[in-house]
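Following: one structure in structure tokens, then a few remarks.
The values are calculated or read from the model by the stated rules, or taken from the named source; none is laboratory data. On a predicted model such as this, the values are computed, not experimentally measured, just so you know. Don't worry about glycine lacking a Cβ; one is built from the backbone with ideal geometry, like all the others, and counts go over all protein chains shown. Accessible surface is based on the protein model in full, side chains and every heavy atom, while ligands, DNA and RNA are left aside. Shrake-Rupley method; radii C 1.70, N 1.55, O 1.52, S 1.80 Å.
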Amino acid sequence: MKLKDEHKEEQIYKATLKLVKNKGLAGITMQSVAKEAKMATGTLYIYFHNKESLLTRLFNECVKNSAGVFFKNYDAKAPFK
């Protein structure tokens with residue numbers, strides 16, 4: 001069994017975001033994501049069981065990244081003002 005590649009996950013996320021931006025959530029399929037990510041549809045299913053799984057993990061990744069950017073220079077010991 002092949003090990004998962006973090007770079008492919010990033011490639012899949014970027015392709016999915018591009019398609020969601022252009023077609024909306026309902027307008028994308030696993031096949032269209034695979035095509036946009038320049039990989040076989042079967043490869044996509046190694047990383048994600050279905051579209052819902054892909055979108056859920058992508059959403060969680062986006063929230064995590066946004067929180068990281070938002071709190072980048074946050075100092076809990078600094079005064080509130």
Quiz item: Taking the stated definitions as given, is Tyr13 open to solvent by less than 60 Å² (accessible area, probe 1.4 Å), among the aromatic types (Phe, Trp, Tyr) and either in contact (Cβ under 8 Å) with a residue 24 or more places away in the chain or assigned to a helix (DSSP H, G or I) (or both)?
Solution: yes
Quiz item: Based on what the data block shows, is Thr43 open to solvent by less than 60 Å² (accessible area, probe 1.4 Å), of a type in the set (S, T, N, Q) and free of Cβ contacts under 8 Å to residues at least 60 places away in the same chain?
Solution: yes
Exercise. Among the numbered conditions (1) surrounded by 10 or more Cβ atoms within 10 Å (Cβ to Cβ); (2) not in a helix (DSSP H, G or I), tell me where Asn65 comes up short.
Key: (2)
Exercise. Determine the pairs where a residue that is under 18 Å from Met30 (Cβ atoms), located within segment 53-66, has a partner that is open to solvent by less than 50 Å² (accessible area, probe 1.4 Å) with Cβ atoms under 6 Å apart, the partner being 6 or more residues away or on another chain.
Key: Leu54/Phe48; Leu58/Tyr13; Leu58/Thr16
